[in-house]
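S.K.: Please read through the structure below; I'll follow up with questions.
The values are calculated or read from the model by the stated rules, or taken from the named source; none is laboratory data. As the structure is a computational prediction, the values presented were derived from the model and not from experiment. When we count neighbours, we look across all protein chains shown, and the Cβ atoms used for this are built from the backbone with ideal geometry, even at glycine. Note: areas computed on protein heavy atoms with side chains; ligands, DNA, RNA excluded. Shrake-Rupley method; radii C 1.70, N 1.55, O 1.52, S 1.80 Å.
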Amino acid sequence: MEQIKIQTHIAARVETIWNAYTSAEDIMEWNRASEDWHCTDAINDLRVGGKFKNRMEAKDGSVGFDLTGTYTALEPFKKIAYVMPDGRQVTINFNTKKSATDIEVIFDAESENPIEVQRHGWQAILDNFKAYVEKTYGNTSYGQTH
């Protein structure tokens, strides 16, 4: 199974980024690949063996799906890993650089869509996450849960 890697650099502390990445309320704000989609519901049980479910829907109501997974590894402020129901693995690495953080997402490709389509879609979601964090939290140093 081929793996795909995407990444971004966010001008915020890792604690702020971690909280925005894992908070169900925040997930509903940033988890979409384009403006014509939205995340209508998010459930996140952030612990090894815990599950998450994010409901993704087209804003016109024409189509929707649930993105689900089970956490397999957690290192707070460093790493999240999960497995999807079809067995594909995903790892998210948070690399701290002073008051900024690099995020790297490595995921197993699925067989229905071309690799570049998958890379573009996942990168668009990660780019939307970056824009959300930088707009909402700026270059914060507090690192608190909100």
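S.K.: What about Arg13, is it touching a strand residue (DSSP E or B) at 6+ places or on another chain (Cβ under 8 Å), charged (D, E, K, R), modelled with pLDDT of 95 or more and surrounded by 15 or more Cβ atoms within 10 Å (Cβ to Cβ)?
M.R.: Numbers: touching a strand residue (DSSP E or B) at 6+ places or on another chain (Cβ under 8 Å): yes; charged (D, E, K, R): yes; modelled with pLDDT of 95 or more: no; surrounded by 15 or more Cβ atoms within 10 Å (Cβ to Cβ): yes.
Here the answer is no, as Arg13 does not meet what is asked.
S.K.: Please give the number of the condition Ser111 fails out of (1) of a type in the set (Gly, Ala, Ser); (2) out of contact with any helix residue (DSSP H, G or I) (no Cβ under 8 Å at 6 or more places or on another chain); (3) farther than 16 Å from Asn19 by Cβ; (4) open to solvent by less than 40 Å² (accessible area, probe 1.4 Å).
M.R.: (4)
S.K.: A further question follows. Within the range 26-78, which residues are at pLDDT 95 or above, of a type in the set (Ser, Thr, Tyr) and surrounded by fewer than 14 Cβ atoms within 10 Å (Cβ to Cβ)?
M.R.: Answer for the range 26-78, where residues must be at pLDDT 95 or above, of a type in the set (Ser, Thr, Tyr) and surrounded by fewer than 14 Cβ atoms within 10 Å (Cβ to Cβ): Thr40, Ser62.
S.K.: Does Ile103 qualify as being surrounded by 15 or more Cβ atoms within 10 Å (Cβ to Cβ), in contact with a strand residue (DSSP E or B) (Cβ under 8 Å, 6 or more places away or on another chain) and hydrophobic (A, V, I, L, M, F, W, C)? Give the steps one after another, and end with the answer.
M.R.: Details: surrounded by 15 or more Cβ atoms within 10 Å (Cβ to Cβ): yes; in contact with a strand residue (DSSP E or B) (Cβ under 8 Å, 6 or more places away or on another chain): yes; hydrophobic (A, V, I, L, M, F, W, C): yes.
Spelling it out, Ile103 is indeed surrounded by 15 or more Cβ atoms within 10 Å (Cβ to Cβ), in contact with a strand residue (DSSP E or B) (Cβ under 8 Å, 6 or more places away or on another chain) and hydrophobic (A, V, I, L, M, F, W, C).
S.K.: Within the range 57-65, is there a residue that is closer than 21 Å to Asn128 by Cβ and touching a Ser or Thr at 6+ places or on another chain (Cβ under 9 Å)? Before you say what the answer is, go through the steps one by one.
M.R.: Just the residues of the range 57-65 that are closer than 21 Å to Asn128 by Cβ, to begin with: 57-65.
In the following step, the residues that additionally are touching a Ser or Thr at 6+ places or on another chain (Cβ under 9 Å) were identified as 57, 64.
Looking for residues that are closer than 21 Å to Asn128 by Cβ and touching a Ser or Thr at 6+ places or on another chain (Cβ under 9 Å), one finds at least one in the range 57-65, hence yes.
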